[in-house]
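Worksheet: the structure to be examined is printed underneath.
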Amino acid sequence: MTEYFTVENEEGDRIDRYLAEEMPERSRSYLQKLIKEQYIKVNNKPVKANYRLVLGDRVEVCIPEAKEPDIEPENIPLDILYEDEDVIVVNKPKQMVVHPAPGHYSGTLVNALMYHCGNELSGINGTSRPGIVHRIDMDTTGSLIICKNDMAHQSLAVQLKEHSSINRIYEAIVHGNIKEEEGTVNAPIGRHPTDRKKMSIHAKNARNAITHYKVLKRFGDYTYIQCKLETGRTHQIRVHMASIGHPLLGDQVYGPKKCPFPKLVGQTLHAKTLGFIHPRTNEYIEVNAPLPDYFLNLLEKLN
């Protein structure tokens, strides 16, 4: 399959970023892979991922046929919150990586899904990410939607991009006592200028990011909050809460290096509510993932 685009008002934009916006059903990393393998050309010539577009450029994207995944299915139990012929919503546990990557080729959510769903997973994002339309961090728990076919994948990708009908609400525990009862952090997020593993509100090529937060309970040195995403950037809640002086408890990337609770692994962040428009029925569906034991135990200690 080949698609064509003509650059009309995105002059100066990187080609990988431009295509990620134009083709929300494809992940940026997958598009970068296609660029590297010369499946994407500008004015009939191969380019690199950092190529800056010029007005009038004609972009040709050739999508190769999907190959059979070489990922090994693994009989890993899944906490299924909702499932039908098109989508499945799971409650992801802590320390589970969503898709295979260097250092994590087994024990991932995709390995478990391959066992549970067999061949019934969308192939849009390539063989290493069958069904994956969005993800949450390894140490973030909670609701995650997976697509069983390309129709569902395309629909959910658009909903996630526009955030028009997607409802994503997280719960977290942060350092410090937040003064106000609720508030909004409106600060663009992009790749950190010096540490490429981190995101930052001080990035040169940042993208619009908005997080609404509300206090659920105060514990003196800590605050239990709810966060509603208006956008969905990488590490968005972690970066935004750290930017206002309230990093997530346990987040050693954006918060204190030493955690006051030694047994806590990673940030205290849970994707509780996930609402979406069903790609086939157009009905609104909402699922809620119960708080994991570690989170409940922390709340009990803080009480």
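Here are some notes:
- Among strands (runs of 3 or more DSSP E) entirely within region 107-194, having at least 2 residues that are open to solvent by 10 Å² or more (accessible area, probe 1.4 Å) and out of contact with any Leu (no Cβ under 9 Å at 6 or more places or on another chain) singles out 182-186.
- Within region 150-168, residues that are of a type in the set (Val, Ile, Thr) sit with their Cβ atoms under 7 Å from residues that are open to solvent by 30 Å² or more (accessible area, probe 1.4 Å) and outside any helix (DSSP H, G or I), at 6+ positions apart or across chains, in these pairs: 158/24.
- Only strands (runs of 3 or more DSSP E) whose full extent lies in region 1-74 are considered here, and none of them has at least 2 residues that are within 30 Å of residue 114 (Cβ to Cβ) and in contact with a Phe, Trp or Tyr (Cβ under 6 Å, 6 or more places away or on another chain).
- Selection from region 7-37 of residues that are free of Cβ contacts under 8 Å to residues at least 60 places away in the same chain and in contact with a Gly (Cβ under 7 Å, 6 or more places away or on another chain): 7
- Selection within region 83-96 - open to solvent by 30 Å² or more (accessible area, probe 1.4 Å) and either of a type in the set (A, V, I, L, M, F, W, C) or assigned to a loop (DSSP other than H, G, I, E, B) (or both): 84, 85, 93, 94, 95
- Candidate set from region 184-205 (those that are of a type in the set (A, V, I, L, M) and modelled with pLDDT of 85 or more); member that is nearest to residue 235 (Cα to Cα): 199
- Test result for residue 264, among the aliphatic types (A, V, I, L, M) and at pLDDT 95 or above: no
- Among the criteria (1) open to solvent by less than 40 Å² (accessible area, probe 1.4 Å); (2) in contact with an Asp or Glu (Cβ under 8 Å, 6 or more places away or on another chain); (3) closer than 16 Å to residue 172 by Cβ, the one residue 222 does not fulfil is (2).
- Residue count for region 274-284 under the criterion of being closer than 20 Å to residue 230 by Cβ and among the β-branched types (Val, Ile, Thr): the result is 1.
- Every listed requirement among (1) buried (at least 20 other Cβ atoms within 10 Å of the Cβ); (2) closer than 30 Å to residue 282 by Cα; (3) out of contact with any Leu (no Cβ under 8 Å at 6 or more places or on another chain) is met by residue 80 save one, (1).
The values are calculated or read from the model by the stated rules, or taken from the named source; none is laboratory data. Since we're looking at a predicted model, the values are computed, not measured. When we count neighbours, we look across all protein chains shown, and the Cβ atoms used for this are built from the backbone with ideal geometry, even at glycine. These accessible areas exclude ligands, DNA and RNA; they are computed on the full protein's heavy atoms, side chains included. Shrake-Rupley method; radii C 1.70, N 1.55, O 1.52, S 1.80 Å.
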